[in-house]
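What follows is a single structure, written as structure tokens, with notes after it.
Just so it is clear, none of the values below were taken in a lab; they were calculated from the coordinates. Not measured: the values here are computed from a predicted model. Positions of Cβ are generated from backbone atoms using ideal geometry, with glycine treated the same way; all protein chains shown enter the neighbour counts.
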């Protein structure tokens, strides 16, 4: 566990970065973004048609009821 620094409150930790770790952090962040994008892409491919069909169905129902379409419930 890190030793508490008396210059900071106990809930704030000082940020200490080495030059090498900053580059590693950028690479890790980019890799995580790519993994997230790939996951979202797979989910859209897998469930996209179902979701669009459901949105269309709800849109038609709300138009028939004379209400505006709202995507937030």
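In this simple spin-label approximation, residue 55 and residue 33 carry label points 7 Å from Cα along the Cα→Cβ vector, and these lie 2.4 nm apart.
Estimated at 0.36 nm per residue, the fully extended path between residue 42 and residue 64 surpasses their Cα-Cα distance by 4.6 nm.
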